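Note sheet for the following structure.
The values are calculated or read from the model by the stated rules, or taken from the named source; none is laboratory data. In this text the structure is predicted, and so the values were computed from the model without any measurement. For neighbour counting, all protein chains shown are included, and Cβ atoms are generated from backbone atoms with ideal geometry for every residue, glycine included. Calculation scope for accessible area: heavy atoms of the full protein, side chains included, ligands and nucleic acids excluded. Shrake-Rupley method; radii C 1.70, N 1.55, O 1.52, S 1.80 Å.
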Amino acid sequence: MECKCAYVRHGAVDPDEPLTYLKKVSKLDIITLPDRTLRAASVPVESVDDEVRRFLDDMLETMYEAPGIGLAAVQVGLPRRLVTIDVAKREDENADPNPLFLINPEILWRSDERAVHEEGCLSIPEYYAEVERPASVRVRYLDRDGKLQEIEAGSILAVCLQHEIDHLDGVLFIDHLSKLKRDMVIKKFAKQAKASGKPASL
C-alpha cells in the first residue's frame, strides 16, 4: 500500500535549522513470522527525546496504514520498549483517532476475571484465533513527553495492551494457543518464507 505521509511538530525550533520541527512521517516495514527478531526481548528506552517521538510517529503511521490497532517497535525491527495503540475505531467506527503512545510499559495488575477475544497480529498476517487473557489490566508507562502515566483498561484496550507488551518480551499471541496450533502456524509461515527465499525459522 502506498505510504501516506504527513508532517508533525516536534518541540522547539532549532535556531540553526529553522524548519527542523517539520518532520516527515514514514511508513516502516513490518516483519513477520518466522523472523527471529520477533523473539527478541526489547530493551528499555533510556530517554524520551525527539528521535524517540519521531520513531513513535512513524510507528503510528505504519500501524494505521497496515491497518492495525497496535504495534510494538520490535515488529518493525527495533527491539526497544515502545508501543503505539489506537482502538478508537474498533470501539466506534465513527470515532476520531485517539492514539496512545507507551514507552517502557509494564503491567502492574491483572484481574482474576478472564475474557476470551479473537486476536490477530500484523506480524502473523491473516491468521486469527481466540485467546484467553485477564479481562482488565493496569499499566504504567511513560507518554511521548516522558511523563509517567498509569491506565486501567478492560475490553479491547486491555487485550491490545497485553498483546503489545507481550511483543516486548518476545511473546506472540500464538504462544497462548495449544502447542499443536502454534506449531501449525509456525510451520505454515516457515514454508512461505522458504518459498520466497527468506531465512527460516523462530
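Sorting VAL116, VAL171, VAL45, VAL139 by accessible area (1.4 Å probe), largest first, what list results?
Sorted by accessible area, descending: VAL116, VAL171, VAL45, VAL139.
Just need the relative contact order of the chain here, percent rounded to a whole number, with Cα pairs under 8 Å and 6+ apart.
On the way: 370 pairs, mean separation 42.7, N = 202.
Answer for the chain is 21 percent.
Using the heavy atoms of the protein chains alone and a 1.4 angstrom probe, what is the accessible area of segment 94-202 per residue in square angstrom? Present the calculation step by step, with values, prior to reporting the outcome.
Values: 6170 Å² over 109 residues.
Here the residues of segment 94-202 average 57 Å² of exposed surface.
For segment 94-164, just say rounded, prolate or oblate: build the C-alpha gyration tensor, square-root its eigenvalues into a ≥ b ≥ c, call rounded for a/c under 1.5, and beyond that prolate if a/b exceeds b/c, oblate if not.
Verdict is oblate for segment 94-164.
In 5 Å bins starting at zero, report the fraction of Cα pairs in the chain per bin as a rounded %.
In order of increasing distance, the bins hold 1, 7, 14, 19, 20, 17, 11, 6, 3, 1, 1, 0 percent.
Taking loop as defined by DSSP and a crowding limit of 16 other beta carbons within 10 Å, which GluC sites (Glu not before Pro) in segment 48-104 fit?
Values: sites: GLU51, GLU61, GLU65, GLU91, GLU93; in loops: GLU93.
Sites meeting the loop and neighbour criteria: GLU93.
Alpha carbon centre of segment 25-51 versus segment 125-184: separation in Å?
About 16 Å separates the Cα centre of segment 25-51 from the one of segment 125-184.
Carbon and sulfur atoms: what percent of the 1.4 Å accessible area of the chain do they account for?
Details: 5510 of 11460 Å².
About 48 percent, which is the carbon plus sulfur part of the accessible surface.
With +1 assigned to the C-beta of every Lys and Arg and -1 to the C-beta of every Asp and Glu, and no other charges, what is the dipole magnitude of the chain about the Cα centre in debye, to the nearest 20?
Magnitude of the dipole: close to 960 debye.
As a quick test, which of the pairs LYS27/LYS191; LYS27/LYS89; LYS89/LYS147; LYS27/LYS179; LYS27/LYS188; LYS147/LYS181 have an alpha carbon distance above 32 angstrom in this structure?
Too far apart for the 32 Å limit: LYS27/LYS179; LYS147/LYS181.
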